[in-house]
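Reviewing the structure listed below.
The values are calculated or read from the model by the stated rules, or taken from the named source; none is laboratory data. Quantities reported herein were computed from a predicted structural model and do not represent experimental measurements. We place every Cβ from the backbone using ideal geometry, glycine too, and count neighbours over all the protein chains shown. Surface accessibility is based on the protein's heavy atoms, side chains included, excluding ligands, DNA and RNA. Shrake-Rupley method; radii C 1.70, N 1.55, O 1.52, S 1.80 Å.
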Amino acid sequence: MSPRHVLILGGTTEARELAAALAAHPGVRVTTSLAGRVARPGAVAGDVRVGGFGGAEGLADWLRAEHVDTVVDATHPFAESITANAVRAATATGVPSLVLRRPGWRPGPGDRWHEVASLDEAAALLPSLAHRVFLTTGRLGLAVFAHLTDLRFVVRSVDPPEPPMPPHTEVLLSRGPFTLADESALLRDHRIDTLVTKDSGGTATAAKLTAARQLALPVVLVRRPPLPEGVEPVPDVAGALERLGFSL
């Protein structure tokens with residue numbers, strides 16, 4: 001009897017945790033697919049493939065060729081096109097699928113959040129709010145802010161970003177999780193007056209929001225894109241395992 005093959009579309013902490021949990025079960029083959037946007041991804045249990053599939057049709061072909069039994073989309077909440085392709089490929093092949101998404105952040109007492117729908121909206125808002133910006137939206141979206149020549153930016157990224165980017169930019173190469181003490185010190189040392197981030201959710205990068213609250217700094221928060229119609233995500237690894245018929 002061939003092993004049950006689970007494809008995880010990964011890149012998140014939850015994807016790695018799910019891969020490790022599934023790989024511990026006998027009779028399960030786990031393949032995690034990474035987009036290849038990070039030069040040195042963390043270790044992942046089971047098989048790993050790197051690179052795109054060629055859209056929904058390419059993914060559907062791969063599901064058939066590799067005899068995949070279940071697809072788990074555990075990508076970043078902003079990986080909108082990958083999620084859409086996964087839904088289409090699963091529908092085309094009849095392969096069961098689920099989406100694993102950590103819950104988004106919610107404002108608390110004392111938060112000064114400005115929620116926007118896109119990076120473009122964030123960039124348009126900044127001149128009225130900021131002089132020194134801590135920008136944590138990822139290295140691939142910096143071009144949106146490149147025209148803001150009067151502002152100074154601190155950008156944090158796992159890998160070095162490529163231009164175009166704002167002319168007054170200091171890059172910090174670092175990988176989370178980050179502590180509250182780390183984030184508070186960064187905001188103070190760089191004299192940050194505004195934080196810009198995406199609603200990625202989770203705890204690994206949430207300390208910056210607490211630090212901003214304690215320092216009474218405004219936060220520009222880019223909302224998540226909506227999931228495809230009819231998709232109900234599971235919020236954690238335990239829920240994904242239960243849907244797959246396993247336990248931690």
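General remarks:
- Taking all protein chains into account, the per residue accessible area for the chain stands at 49 Å² (1.4 Å probe).
- Spacing of the two label points (7 Å from each Cα toward its C-beta) at Ala143 and Thr203, in nm: 3.8 nm
- Note that the range 132-141 has calculated 3J(HN,Hα) couplings of 10, 10, 9, 9, 10, 9, x, 6, 7, x Hz, one per residue in order, obtained from phi through the Karplus relation 6.51 cos²θ - 1.76 cosθ + 1.60 (θ = phi - 60°); glycine and proline are x.
- Normalised by the number of residues in the range 101-163, the average gap of Cα pairs under 8 Å and 6 or more apart makes the relative contact order 32 percent.
- Modelled label positions at Glu229 and Ala92, each set 7 Å beyond Cα in the direction of Cβ, lie 2.0 nm from each other.
- A Förster distance of 41 Å, applied to the separation of the beta-carbon atoms of Ala216 and Glu162, puts the FRET efficiency at 0.75.
- Where only DSSP H runs of four or more residues are counted, the chain gives -8000 deg cm²/dmol as its mean residue ellipticity at 222 nm, each run worth -39500 (n - 2.57).
- The packing ranking, built from the mean of other Cβ atoms within 10 Å per residue, places the peptides 81-89, 162-170, 96-104 in the order 81-89, 96-104, 162-170, highest first.
- The range 169-246 - percent relative contact order, Cα under 8 Å, separation 6 or more: 30 percent
- Each of the peptides 27-33, 53-59 was scored by the mean count of other Cβ atoms within 10 Å over its residues; in descending order, highest first, they stand as 27-33, 53-59.
- Here the label points at Ala20 and Asp47, each 7 Å from Cα along the C-beta direction, are separated by 2.2 nm in the simple model.
- Rounded percent of accessible protein surface that carbon and sulfur make up, the chain, 1.4 Å probe: 53 percent
- When only the Cβ of Lys, Arg, Asp and Glu is charged (+1, +1, -1, -1), the dipole of the chain relative to its Cα centre reaches about 400 debye.
- When you restrict to C-alpha pairs under 8 Å that are six or more residues apart and normalise by the size of the chain, the relative contact order lands at 20 percent.
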